1. For the range 23-156, calculate the relative contact order in percent as a whole number, restricting contacts to Cα pairs under 8 Å that are 6 or more residues apart.
2. Once label points are set 7 Å from the Cα along Cα→Cβ at both Arg231 and Ala31, what is their separation, rounded to one decimal in nm?
3. Residue by residue through the range 48-61, which ³J(HN,Hα) values in whole Hz follow from phi under the Karplus form 6.51 cos²θ - 1.76 cosθ + 1.60 (θ = phi - 60°), with glycine and proline marked x?
4. Would you kindly derive the ³J(HN,Hα) couplings of the range 87-97 from the backbone phi angles with the Karplus curve 6.51 cos²θ - 1.76 cosθ + 1.60 (θ = phi - 60°), listing them in order in whole Hz, with x for Gly and Pro?
5. Using the basic label-point model (7 angstrom from Cα toward the beta carbon), what is the Val117 to Ser20 distance in nanometres?
6. Over the chain, calculate the relative contact order: mean separation of alpha carbon pairs under 8 Å at least 6 apart, over the residue count, as a percent.
7. Give the order of Asp151, Asp160, Asp211 when sorted by the count of other beta carbons within 10 angstrom, beginning with the fewest.
8. Taking the simple approach of a point 7 Å from Cα along Cα-to-Cβ for both Ile210 and Lys250, what is their distance in nm?
Amino acid sequence: MQHILSAKQFSKEQLLEILSSAGEMEKQVLAGKVEKILQDKVVACIFFEPSTRTRLSFETAALRLGAGVVSSENATQDFSVYKGESLEDTTRMICGYVDCLVLRHPEAGTAERAAKVATKPIINAGDGGNQHPTQALLDLYTIKKTLGRLDNLKIAFGFDPKHSRTIRSLALLLTHFENNIFTFVCPPALNPSDDVLEDLKSRGAKFEIIDNLNNFGDYDIFYANRLQQERFEDKAEFEKYRRALVLTEKLVAGTKTKILDPLPRIDEIETAVDALPNALYFEQAKNGLYVRMALLKGVLEG
Ligand code: NCD
């Protein structure tokens, strides 16, 4: 059994295999001929935190491959956890019914906890501010598809590296590739946490932390993510910083810098940027389907 819990778990070879399998899935979807390889399988998508893209793309991925789906978009209210059942017991139950459990939860470490008692593969669809490995994989796929490479990149991450699980996971994955230079762009109060910086150092990554957009045009990729309102202990701090740094049309137009954003977008990118060739985020969201098809295939076919 193979769980997908963290961006830390992958080797470079595994990453390349997943990207190649996702490319195959994209071809099949675009040709309208998807092989129904998961016909006898059922996937559960159980979300204790809101989601648009992650849940719907996982469910669509399962359905396109022929699997059945059971799901909850609001498990905090709908599930027996509401009555006091533990995450462990809930996981044991779900594993009795389905072949794979895609789980999102507001608390860091829940995917690991579920995996400890699971008898079926667990896929972490985001655990608090900790990890979001499947998002990072689709981000990687989008970068490779657009720039044709995953090395020699100047990549900036804004604007809330302290709380953003997608920034944390993607930065880890990009350390597998040569000569990438990371810049974290944020108000100092939202700097990446020490454990993230330790991970990057231990992997030999080059990085800097700055609080301005002066060098925007120098980056190959700018990975924007909203301030993670729900993870701020002090809501006034969120309000203070939410518009401190914004990718405006004026800043972006005429530069080569491609912009990714796991979405949802709130204030971090002006809507006028959407029409510029720099904007990759809607395409990026679409790529989630192909990558999640590849992941379900990998996990369920063994
Ligand atoms: C991200 C998440 O849930 O962490 N969204 C997503 O899965 N596409 C980013 C976010 O919510 O800001």
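1. In percent, rounded to a whole number, it is 20.
2. So the two model labels end up 4.0 nm from each other.
3. With coefficients 6.51, -1.76 and 1.60, one gets 9, 9, x, 6, 10, 5, 5, 5, 5, 6, 5, 5, 5, 4 Hz.
4. Computed from phi, the couplings for the range 87-97 are 4, 5, 5, 4, 4, 4, 4, 4, 5, x, 9 Hz.
5. Once both label points are built, they end up 3.9 nm from each other.
6. Contact order relative to length: 20 percent.
7. Lowest count first: Asp151, Asp211, Asp160.
8. 1.9
Coordinate-derived values only; no laboratory data. All figures in this text were calculated on a predicted structure; none of them were measured in a lab. All Cβ positions, glycine included, derive from the backbone under ideal geometry; neighbour counts span all protein chains shown.
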